[in-house]
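The values are calculated or read from the model by the stated rules, or taken from the named source; none is laboratory data. Remember, predicted model here, so these are calculated numbers, not experimental data. In this analysis, Cβ positions are derived from the backbone assuming ideal geometry, glycine residues included, and neighbour counts consider all displayed protein chains. Please note that ligands, DNA and RNA were not included when accessible areas were found on the heavy atoms of the full protein model with its side chains. Shrake-Rupley method; radii C 1.70, N 1.55, O 1.52, S 1.80 Å.
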Amino acid sequence: LRLREGTHQARTSDAAARVEQMLMVRPDVRSVATFVGRGVPRFYYNLGAEPHAPHIAQLLVTLADDADRDRLLAATRRYLAEEMPGGQGLVRLLEQGPYVRAPIEVRIYGDDDANVQNASEQILRTLRSIPEAIDARTDLDLGAPTIEVNVVDSAAGRRGVARANVAHALLIMSRGVEVGEYQAGDEALPVLLRSSAGEDTPLDALEAVGVAGPHNTLIPLGRLATRQVEWRPAARYHRDGRRVTRVTAQLAPNAAFSGVASELRDMLEDAGPPEGVEI
């Protein structure tokens, strides 16, 4: 399971738990092991390494009877498509042979975000129109809303407030700052000071965040800085030093790679090459 880049691990855990519950009520499933924020341990030689990231989860499903696997694959794909519109789910069997990310992989090279996004969407639509290509997806994320706080130096200077004070106040409000340690057996756990809402603090509440000023005063952030929200790419990927976006797909049971690849090439050639990118 891959949710949007920047998703909090608690939300990823909730999504993985829903999928696990759906699987465990099925009579053809013997057990499910769920890993959140990481992939399944490399217990099998053909497992690809998943990065440690809060928006990723992986479930290892053991069947009661191998004869039920195609029915379970289809049911799981339907569930993910219907119940997880904001994420991407990939369902695969443990396979023999060298690990392959996906039998169909289209790489899009380009530096203009708009051109790359248009090309990615075009190729994704094309793959999804081919019945033998399943689980088509792209690693181009929608991006993440980013709050940009701009300190007005003249206003901060009049009140004797440094930019570091503003950054410190925002850190306490959101992620928290370490103020000590708690010794739990042999492990030292950090003690954080932060607001009760933490990273879920409403945007409107930023105006009232208190910034430390001279003589133990607190000055509202709204008097010191302006803010704006904009969408930015949550992650960028590179291959051989060049920015790349991948569109991938799996093959339906008994489908031939050559047939899907040939159909994809023909459809892309008919549509014409997207502007400003290399495929």
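For this structure, a couple of remarks:
- Candidates Glu82, Glu50 - the one that is closer than 24 Å to Leu251 by Cβ, charged (D, E, K, R), touching a Gly at 6+ places or on another chain (Cβ under 9 Å) and open to solvent by 40 Å² or more (accessible area, probe 1.4 Å): Glu50
- Residues of the stretch 53-72 satisfying the condition of being open to solvent by less than 40 Å² (accessible area, probe 1.4 Å), more than 25 Å from Arg11 (Cβ to Cβ) and either without any contact (Cβ under 8 Å) to a residue 24 or more places away in the chain or aliphatic (A, V, I, L, M) (or both): Leu72
- Test: Ala255 is assigned to a loop (DSSP other than H, G, I, E, B), within 25 Å of the chain's Cα centre (by Cα), at pLDDT below 90 and closer than 30 Å to Glu95 by Cα: no
- Note on the stretch 167-226: enclosed strands (runs of 3 or more DSSP E) holding 3 or more residues that are over 28 Å from Ser154 (Cα atoms) are 177-184, 187-193.
Yes or no, residue by residue, for (1) basic (Lys, Arg); (2) over 26 Å from Glu121 (Cβ atoms); (3) open to solvent by 80 Å² or more (accessible area, probe 1.4 Å):
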residue	(1), (2), (3)
Pro220	no, yes, no
Glu230	no, no, no
Thr245	no, no, no
Thr248	no, no, no
Ala255	no, no, no
Gly259	no, no, no
Pro273	no, no, yes
Gly276	no, no, no
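- The lone criterion from (1) under 25 Å from Glu5 (Cβ atoms); (2) touching a residue at least 24 places away in the same chain (Cβ under 8 Å); (3) open to solvent by 40 Å² or more (accessible area, probe 1.4 Å) left unmet by Arg30 is number (1).
- Yes/no for Ile130 being in contact with a Leu (Cβ under 8 Å, 6 or more places away or on another chain), part of a loop (DSSP other than H, G, I, E, B) and crowded, with 16+ Cβ neighbours inside 10 Å: yes
- Filter pass, Gly97 being closer than 21 Å to Arg246 by Cα and loosely packed, with under 14 Cβ neighbours inside 10 Å: no
- Of all residues in the stretch 222-239, those that are under 14 Å from Asp111 (Cβ atoms) have Cβ atoms under 6 Å from Cβ atoms of residues that are modelled with pLDDT of 90 or more and of a type in the set (Val, Ile, Thr), 6 or more apart or on another chain, in Tyr237/Val244.
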